[in-house]
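The values are calculated or read from the model by the stated rules, or taken from the named source; none is laboratory data. All values derive from a computational prediction rather than experimental measurement. Cβ sites come from the backbone with ideal geometry, for glycine too, and all protein chains shown count toward neighbours. These area figures cover heavy atoms from the full protein model, side chains too; ligands, DNA and RNA do not enter into them. Shrake-Rupley method; radii C 1.70, N 1.55, O 1.52, S 1.80 Å.
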Amino acid sequence: MALVTTKQLLLDAQKGGYAVGAFNVENMEMVQAVVAAAEELQSPVILQTTPSTVKYADLDFFYANAKVAAENASVPVAMHLDHGNSFELAMRALRVGYTSIMIDGSHDSFEENIAVTKAVVDACRPSHVPVEAELGKVGGKEDDLDGGEGGGYTVPSEAAEFVKATGIDSLAVAIGTAHGVYQGTPKLDVNRLSEIREVVSIPLVLHGTSGVPDDAVRECIKRGICKVNYATDLRIAFSNGVKEILDAAPDTIDPKKYNACGRKYVKEYVKGKMEVCNSVGKANRG
Ligand SMILES: [Zn+2]
């Protein structure tokens, strides 16, 4: 089917008490892997790309891959801009055809975050493309993102005010996760998540989930998370597949050979996370 927006996907997840996995893709094989996993498990799915990914190859390359993969699939697939870092990039993604957009003004002041987020929401509304924003700071380092040490957890009362002032469709919360690879096991402030849930009715999003124990993710879903982002672990899975082939046969010159192994590992990883999100078999809801 054609690419869908994340609007209904996340509202269905919220109603059904599960989450939709959002997986960062870096090349065609990763797009194929994620959508194949969704197809096999009859799960809705979100593909997403960061600003650094669309700097490597432009938005339209990734959009084209996602569009073809979605059209060849029977399950709903959305294409999301992850951590859109400017109004301009958000608008370019909208024009290219992305069906979901994040604007991340979390590193600006509260007022500036509201201003840029509201501007993106207003611009996206005529085309019914939903907008995700972030309040508080998800720590860690990934690509050009540097959340620093974290510690800027989302304040529930501010979250309520932010959602009301901007009209966003989903909110990424900072409750102790970080981007990149964790040193040790992250400790999540799940009570804070419940407090946010009490005052914010729109779907909530968990970032920096690679490396978070599956049980902690399940607990977050129980407390209101409807979209779970996985990025770092997909890179690791893909690279492990490539390395396995090149280590065993360093003379391999056909990229299809090692990329296929990367693709296989990404698909297996994604299937496991769809189980954690409890989105298996939820492709036909709504
Ligand atoms: Zn993130």
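Can you name the residue in the range 213-270 that is of a type in the set (Gly, Ala, Ser) and not in a helix (DSSP H, G or I) and is also farthest from Glu132 (Cα to Cα) among such residues?
Pass one, the range 213-270, residues of a type in the set (Gly, Ala, Ser): 216, 224, 231, 237, 239, 241, 248-249, 260, 262.
Within this subset, residues satisfying the condition of being not in a helix (DSSP H, G or I) are 224, 231, 249.
Values: Gly224: 15, Ala231: 17, Ala249: 44 Å.
Ranking the candidates gives Ala249 first.
Scan the range 46-67 for residues that are more than 14 Å from the chain's Cα centre (by Cα) and among the hydroxyl-bearing types (Ser, Thr, Tyr) and jot them down.
Within the range 46-67, Ser52, Tyr56, Tyr63 meet the criteria.
For the range 158-174, how many residues are in a loop (DSSP other than H, G, I, E, B) and among the acidic types (Asp, Glu)?
Of the range 158-174, the ones in a loop (DSSP other than H, G, I, E, B) are 167-169, 174.
Those left that are additionally among the acidic types (Asp, Glu): 169.
The qualifying residues number 1.
Can you tell me which residue within the range 25-52, out of those that are open to solvent by 10 Å² or more (accessible area, probe 1.4 Å) and not in a helix (DSSP H, G or I), is nearest to Asn278 (Cα to Cα)?
Filtering first and then ranking leaves Gln42.
If I ask for residues that are open to solvent by 30 Å² or more (accessible area, probe 1.4 Å) and within 13 Å of the ligand (Cβ to nearest atom), which ones from the range 159-192 would you list?
Selection gives nothing.
Sort out which residues of the range 193-209 are among the β-branched types (Val, Ile, Thr) and either open to solvent by 50 Å² or more (accessible area, probe 1.4 Å) or more than 14 Å from the ligand (Cβ to nearest atom) (or both), and write them in order of number. Break it down stepwise before answering.
Filtering the range 193-209 for residues among the β-branched types (Val, Ile, Thr) gives 196, 199-200, 202, 205, 209.
Selection gives Ile196, Val199, Val200, Ile202.
With the requirement that a residue be assigned to a helix (DSSP H, G or I), touching a residue at least 60 places away in the same chain (Cβ under 8 Å) and under 17 Å from the mean Cα position of the chain (by Cα), what does the range 68-107 give you? Step through it out loud before you land on a result.
At the first step, the residues of the range 68-107 found to be assigned to a helix (DSSP H, G or I) are 68-71, 87-96.
Next, only the ones that are touching a residue at least 60 places away in the same chain (Cβ under 8 Å) stay: 70-71.
The one that is assigned to a helix (DSSP H, G or I), touching a residue at least 60 places away in the same chain (Cβ under 8 Å) and under 17 Å from the mean Cα position of the chain (by Cα): Ala70.
Taking the condition of being outside any helix (DSSP H, G or I) and open to solvent by less than 20 Å² (accessible area, probe 1.4 Å), how many residues in the range 1-23 meet it?
Here is the first cut: in the range 1-23, the ones outside any helix (DSSP H, G or I) are 1-5, 17-23.
Among the residues that remain, those that are also open to solvent by less than 20 Å² (accessible area, probe 1.4 Å) are: 18-23.
Here the count works out to 6.
Could you tell me whether Val212 is surrounded by 18 or more Cβ atoms within 10 Å (Cβ to Cβ) and either of a type outside the set (A, V, I, L, M) or within 16 Å of the ligand (Cβ to nearest atom) (or both)? First the steps, then the outcome.
Values: surrounded by 18 or more Cβ atoms within 10 Å (Cβ to Cβ): yes; either of a type outside the set (A, V, I, L, M) or within 16 Å of the ligand (Cβ to nearest atom) (or both): yes.
Criteria met by Val212.
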